[in-house]
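None of the figures in this text is laboratory data; all of them are computed from the coordinates on show. It should be emphasised that the depicted structure is a prediction, and the values quoted were computed from it without experimental measurement. Counting neighbours? That spans all protein chains shown, and the Cβs are built from the backbone with ideal geometry, glycine included.
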Amino acid sequence: MDWRTLPPLSALRAFAAFAQTRNIVAAGDALGVSHAAISQQLRALEGHLDVALLDRSGRSLALTTSGEHLAQALQISFVGMIEAVEAI
């Protein structure tokens, strides 16, 4: 595993929170940060991956196909991490 290619965990958490809530303000509330911090992390993640994860063409944000794929993978991964930590 090449850890250097992995995006920052804070950006992945922000994206996962947004994907779960579908709302930047709610994602910020879930993580205890501002909606501006969530927006910044989402843009940073897209920049790191060099792919659009969000469709910003309408009045609200929607996940792209790539965004849906990443959201599903992160959901599984974060649930697994939470379960492992709780088991310890």
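Structural remarks
- Amide H partners (placed H, <5 Å) of residue 63, local residues excluded: 55
- The HN-Hα couplings worked out from phi for segment 3-10 by the Karplus form 6.51 cos²θ - 1.76 cosθ + 1.60 (θ = phi - 60°) are 5, 6, 8, 6, x, x, 4, 4 Hz, whole numbers, x standing for Gly and Pro.
- Coordinate range along principal axes, alpha carbons of the chain, Å, largest first: 43, 29, 20
- Base-10 log of normalised Debye intensity for segment 2-49 (one unit scatterer per alpha-carbon) at q = 0.15 Å⁻¹: -0.33
- Relative contact order for the chain, counting Cα pairs under 8 Å that sit 6 or more residues apart, in percent: 24 percent
- Hz values of 3J(HN,Hα) by residue in segment 14-19 - Karplus curve (6.51, -1.76, 1.60), Gly and Pro given as x: 4, 5, 4, 5, 5, 4
- In order along segment 58-66, phi translates into HN-Hα couplings of x, 6, 10, 8, 9, 6, 7, 4, 5 Hz, rounded to whole numbers, per the Karplus curve 6.51 cos²θ - 1.76 cosθ + 1.60 with θ = phi - 60° and x for Gly and Pro.
- Local electrostatic count, residue 61, Cβ distance below 14 Å [Lys/Arg +1, Asp/Glu -1]: +1
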